[in-house]
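One structure is given here, and the rest of the page talks about it.
We did not get these values from a lab; they are worked out from the coordinates using the rules stated. Everything quoted here is computed from the prediction, not taken from an experiment. Every residue, glycine as well, gets a Cβ built from its backbone with ideal geometry; the counts of neighbours run over all protein chains shown.
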């Protein structure tokens, strides 16, 4: 199973927020996921980002692929993945 760490869209029409999740890379964007790793709320000013750094490090260590957006959010928080 190829694991990916990416955003999962939740929220209402025109008011999105995203959960950062670990999932099988073959699953749909909003499909089943393995674990919830944080949230990203871009509509708030300033944007809210909460990360479970310990679990993100774990998934990086076991070779999960991170989406470009999740990589940039981690970089903003000072977390190397």
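Overview of results
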| quantity | calculated |
| --- | --- |
| Criterion (surrounded by 14 or more Cβ atoms within 10 Å (Cβ to Cβ), in contact with a helix residue (DSSP H, G or I) (Cβ under 7 Å, 6 or more places away or on another chain) and farther than 15 Å from residue 8 by Cα) met by exactly one of 49, 81 | 81 |
| Residue satisfying all of: in the range 10-59; in contact (Cβ under 8 Å) with a residue 40 or more places away in the chain and closer than 18 Å to residue 74 by Cα; farthest from the chain's Cα centre (by Cα) among these | 59 |
| Number of positions in the range 26-46 that are outside any loop (DSSP other than H, G, I, E, B), over 13 Å from residue 4 (Cα atoms) and out of contact with any helix residue (DSSP H, G or I) (no Cβ under 7 Å at 6 or more places or on another chain) | 3 |
